[in-house]
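The values are calculated or read from the model by the stated rules, or taken from the named source; none is laboratory data. Treat the numbers as computed from the prediction; the structure is a model and nothing was measured. Cβ coordinates were reconstructed from backbone atoms using ideal geometry, including for glycine residues, and neighbour counts include every protein chain displayed.
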Amino acid sequence: MKIIEVGTGYTSIPAKMGAATEIVIEELAKVFDKNNINYEIFDIKDENRQDTNLKIKEIYIPKFFRKKDVSLGLLHKLKRVIYSVKLAYALKKEIKKSKEEIVIHFHNQYNMFFFSKLVPKKIKRKSKICYTVHSYIWNAEWEKIETSIKKRYFQEVDCVKKADKVFVLNDKTKEHFIKQLKINEGKIVKIKNGVNTEIYKPRMNESENINFFQSGSVCERKNQLTAIQTLKNLMKENKKVRYIYAGGIIEEAYQEKIQQYVEKNNIENQVEYVGEIAPGENLAKYYNNSIAFIFPSVLESFGLVIIEAMASGIPVIMYGKTEITEFEDLKDLIFVYKDQESFEKILRDKIFNEKERENIVKKARKIIEEKYSWDVVAQKYLKEL
């Protein structure tokens, strides 16, 4: 059997940016490689790919489109289509020449949709098709997302219906697939994401400041402004308190709104945007040099940054409106605030209480190692693949 992990074409693997899906593909492949599993990553061509020993087959598309890694406009969509078409023909060729069973693991709706349309059924039958749903939208209530699903996620609906096996990150997605899309429950498997516990691990905090860190795309959904508003009083009381945020700017207007707020409140020297940070050692330093990870996002499919933070030895403070329910085994170690008063109580009782904080960090790290390391998670995938 050969497993083909399909790169999305958003950014090349190893992930140069904080792109959760690409990180998942990369980490699965690392475990496959370590365990001598026959695998290959099919990924977009990139002359500037980071050094790697992973087995990667590059799919050529014109260089003009390869430059547009993070733009989400029309050109980006065209890039996705071109890559997906080229990918479909490469996968078709691979299936036809193979003398062993091929398992193709897709992670993106464009990629699988065009594969389904362009590769004849007779050829597809020689392979097993698996699809992981990474889209955050499915974790919301159906009444809120039904219109968006029809307009923007019709390709993903097609993928889920046609895949031999579907992997989901949360129960709400599974519920929608069964009730709304009438997908056979037997082919849906929930597998949570993992974290690289060798890279993200506790280290000494080398910062002289009191840093609260957030990582994720800069946009209203990630809700960075609410984090700043919550920390404003603390920043005014103590000039060493900093809010540091990293991630690609998806909504320019939202970033401008943040800038206007910090300038109006005279805290611009305590709010720092550090841009897009490459996942791995660079990102780990920001976790390690923070006193806590603040997570105000209003909607997520899973929240990979939560387990990265916990693996790195820092507590997580979560906004009460965040719709994440997948951390039952960590719920006592994730501190949820609903208002300013409850936030300040968390700081007093948990974050700035050195003994309590030390216990939290130890307990969280133990659970992460036992249940969320990629060695553990990849074995679950292997069993199903």
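Beta carbons closer than 6 Å, at least 6 apart along the sequence or on distinct chains, pair a first residue in the range 18-44 that is among the small types (Gly, Ala, Ser) with a second that is in a helix (DSSP H, G or I) for ALA20/LEU304.
Residue-wise test of (1) modelled with pLDDT under 90; (2) buried (at least 22 other Cβ atoms within 10 Å of the Cβ); (3) of a type outside the set (S, T, N, Q).
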position: ASN265; (1), (2), (3): no, no, no
position: ASN269; (1), (2), (3): no, no, no
position: ILE277; (1), (2), (3): no, no, yes
position: PHE295; (1), (2), (3): no, yes, yes
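In the range 126-147, is there at least one residue being touching a residue at least 12 places away in the same chain (Cβ under 8 Å), basic (Lys, Arg) and part of a helix (DSSP H, G or I)? No, that holds for no residue.
Those residues that are under 17 Å from the mean Cα position of the chain (by Cα) and buried (at least 24 other Cβ atoms within 10 Å of the Cβ), I need them from the range 305-322; list them, please. Selection gives VAL305, ILE306, ILE307, GLU308, ALA309, MET310, ALA311, SER312.
A single entry from GLU308, GLU281, GLU323 fulfils the requirement of being at negative phi and modelled with pLDDT of 95 or more: GLU308. Does any residue of the range 190-210 turn out to be among the hydrophobic types (A, V, I, L, M, F, W, C), under 30 Å from LYS383 (Cα atoms) and not in a strand (DSSP E or B)? There is at least one residue in the range 190-210 that is among the hydrophobic types (A, V, I, L, M, F, W, C), under 30 Å from LYS383 (Cα atoms) and not in a strand (DSSP E or B).
Residues that are under 16 Å from the mean Cα position of the chain (by Cα), among the hydrophobic types (A, V, I, L, M, F, W, C), surrounded by fewer than 20 Cβ atoms within 10 Å (Cβ to Cβ) and under 24 Å from THR132 (Cβ atoms): does the range 362-371 have at least one?
In the first step, residues of the range 362-371 are kept if they are under 16 Å from the mean Cα position of the chain (by Cα); the result is none.
Scanning the range 362-371, I find no residue that is under 16 Å from the mean Cα position of the chain (by Cα), among the hydrophobic types (A, V, I, L, M, F, W, C), surrounded by fewer than 20 Cβ atoms within 10 Å (Cβ to Cβ) and under 24 Å from THR132 (Cβ atoms), so the answer is no.
If you check GLU185, GLU237, GLU252 for being charged (D, E, K, R) and either surrounded by 18 or more Cβ atoms within 10 Å (Cβ to Cβ) or closer than 23 Å to PHE327 by Cα (or both), only one passes: GLU185.
For the range 337-345, indicate whether the set of residues that are small (Gly, Ala, Ser), farther than 18 Å from SER215 by Cβ, without any contact (Cβ under 8 Å) to a residue 24 or more places away in the chain and assigned to a loop (DSSP other than H, G, I, E, B) is non-empty. So that I can check it myself, show each step before the final result.
Start the filter on the range 337-345 by keeping residues that are small (Gly, Ala, Ser), which leaves 342.
Filter once more, keeping what is farther than 18 Å from SER215 by Cβ: 342.
Keeping just the survivors that are without any contact (Cβ under 8 Å) to a residue 24 or more places away in the chain gives 342.
Pick out the ones that are also assigned to a loop (DSSP other than H, G, I, E, B) and you get none.
Taking every residue of the range 337-345 in turn, none turns out to be small (Gly, Ala, Ser), farther than 18 Å from SER215 by Cβ, without any contact (Cβ under 8 Å) to a residue 24 or more places away in the chain and assigned to a loop (DSSP other than H, G, I, E, B).
Checked against (1) touching a Ser or Thr at 6+ places or on another chain (Cβ under 8 Å); (2) surrounded by 18 or more Cβ atoms within 10 Å (Cβ to Cβ), LYS201 passes all but a single condition, namely (2).
Rundown of residues vs (1) within 28 Å of LEU283 (Cα to Cα); (2) in contact with a Gly (Cβ under 7 Å, 6 or more places away or on another chain); (3) of a type in the set (A, V, I, L, M, F, W, C), yes/no style:
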| residue | (1), (2), (3) |
| --- | --- |
| ILE13 | yes, yes, yes |
| VAL24 | yes, no, yes |
| LYS30 | yes, no, no |
| ASN36 | no, no, no |
| ILE41 | yes, yes, yes |
| LYS63 | no, no, no |
| VAL81 | no, no, yes |
| ALA88 | no, no, yes |
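The residues of the range 259-276 that are closer than 16 Å to ALA246 by Cα and acidic (Asp, Glu), listed by number, are GLU268, GLU272, GLU276. Residue under question is LEU299, and the condition is that it be surrounded by fewer than 23 Cβ atoms within 10 Å (Cβ to Cβ) and in contact with an Asp or Glu (Cβ under 6 Å, 6 or more places away or on another chain); does it hold? So LEU299 fits the description; yes.
Which of the residues spanning the range 236-275 are in contact (Cβ under 8 Å) with a residue 40 or more places away in the chain and farther than 25 Å from GLU208 by Cβ?
Here is the first cut: in the range 236-275, the ones in contact (Cβ under 8 Å) with a residue 40 or more places away in the chain are 243-244, 246-248, 250, 258, 271, 273.
GLY248, ILE250, listed by residue number.
Output the residues belonging to the range 178-216 that are without any contact (Cβ under 8 Å) to a residue 40 or more places away in the chain and either closer than 20 Å to LEU304 by Cα or of a type outside the set (S, T, N, Q) (or both). Show your work before the answer.
If we filter the range 178-216 for residues that are without any contact (Cβ under 8 Å) to a residue 40 or more places away in the chain, which is where we start, we get 178-188, 190, 198, 208-209.
Once the filter is applied, which keeps residues that are without any contact (Cβ under 8 Å) to a residue 40 or more places away in the chain and either closer than 20 Å to LEU304 by Cα or of a type outside the set (S, T, N, Q) (or both), the range 178-216 yields ILE178, LYS179, LEU181, LYS182, ILE183, GLU185, GLY186, LYS187, ILE188, LYS190, GLU198, GLU208.
For the range 84-119, the candidate set comprises residues that are among the hydroxyl-bearing types (Ser, Thr, Tyr) and under 21 Å from VAL160 (Cβ atoms); within that set, the residue that is surrounded by the fewest Cβ atoms within 10 Å (Cβ to Cβ) is SER116.
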